[in-house]
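*Asks:* What follows is a structure written as structure tokens; I'll ask about it next.
The values are calculated or read from the model by the stated rules, or taken from the named source; none is laboratory data. Note that the coordinates shown come from a computational prediction; the quantities given were computed from them, not determined experimentally. Reconstructed Cβ throughout: ideal geometry from the backbone, glycine too, with neighbour counts over all protein chains shown. In case anyone asks, the SASA skips ligands and DNA or RNA and just uses the protein heavy atoms, side chains included. Shrake-Rupley method; radii C 1.70, N 1.55, O 1.52, S 1.80 Å.
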Amino acid sequence: EPCNLTNPSVGSGKHPSCTMSAHVSPDLLWMLTRSHTSFLNKRESGRIQFTSEPCNLTNLNSFKYSGLANSKAADIKSSVKVENGVAKNDNGIIITTKIQKSKKNSVLSKPAQVFKSIKSTNPAKQINFRRMANCVRKTVGGNYRPDLVNAALARWTKYHRSIVAIKSKTVAAKKK
């Protein structure tokens, strides 16, 4: 498989706060949540607004990037393993997208199955940057949300740079 990703798992990325959009139009949901949501962080007297909501690639409070209001949203995050009750970052990458409809039943009536997650099989330090960038481009950009491709690639680039920096620090520490 060229992407080196595991098979998609439906329902593994549960974001209960995003399930409200199942029966409400995206425009109405945005009008209700744009200035009053628990994810909102206002800076400089409210002129700059950031958000920590799931499926928001840029963390900007705008309709285009909103994971709550849009029916199609994507997210890229690092994966975390839990061993003996302790969360450890295994440096893998997870690409999460919202599912519109299912062929058999409407997924919108099943909030636990709204998200499809794809996890990298290798740790991120072993992932080829260009190969993963192509996977991000195909997953997010293909026929899903072409306007989010640049934001998704920027998020992947930030993750990759942080992993390279951590790797170089550990190599330098071992040499001493």
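*Asks:* Exactly one of these conditions fails for PRO2: (1) modelled with pLDDT under 70; (2) in contact with a strand residue (DSSP E or B) (Cβ under 9 Å, 6 or more places away or on another chain). Give me its number.
*Replies:* The failed condition is (2).
*Asks:* Mind listing whichever residues of the stretch 127-150 are free of Cβ contacts under 8 Å to residues at least 40 places away in the same chain, within 21 Å of ASN70 (Cα to Cα) and of a type in the set (A, V, I, L, M, F, W, C)?
*Replies:* Matches in the stretch 127-150: VAL149 only.
*Asks:* Right, something else. Assess whether SER12 counts as being at pLDDT below 90, more than 12 Å from the chain's Cα centre (by Cα) and surrounded by fewer than 17 Cβ atoms within 10 Å (Cβ to Cβ).
*Replies:* Answer is yes for this residue.
*Asks:* Does LYS119 satisfy being farther than 17 Å from SER25 by Cβ, surrounded by 15 or more Cβ atoms within 10 Å (Cβ to Cβ), among the basic types (Lys, Arg) and modelled with pLDDT under 85?
*Replies:* For LYS119, the condition - farther than 17 Å from SER25 by Cβ, surrounded by 15 or more Cβ atoms within 10 Å (Cβ to Cβ), among the basic types (Lys, Arg) and modelled with pLDDT under 85 - is met.
*Asks:* Related question: Enumerate the pairs (first residue in the stretch 30-47 and in contact (Cβ under 8 Å) with a residue 12 or more places away in the chain and under 9 Å from ASN61 (Cβ atoms); second residue anywhere and open to solvent by 40 Å² or more (accessible area, probe 1.4 Å) and not charged (D, E, K, R)) with beta-carbon separation below 7 Å, excluding pairs fewer than 6 apart on the same chain, so at least 6 apart or on different chains.
*Replies:* So the pair list comes out as PHE39/SER52; LEU40/GLN49.
*Asks:* When both residues are 6+ apart or on different chains and their Cβ atoms are under 7 Å apart, which pairs have a first residue that lies in the stretch 151-164 and is more than 21 Å from LYS64 (Cβ to Cβ) and among the β-branched types (Val, Ile, Thr), and a second that is open to solvent by 50 Å² or more (accessible area, probe 1.4 Å) and modelled with pLDDT under 90?
*Replies:* Here the result reads ILE163/LYS125, each pair linking the stretch 151-164 to a residue that is open to solvent by 50 Å² or more (accessible area, probe 1.4 Å) and modelled with pLDDT under 90.
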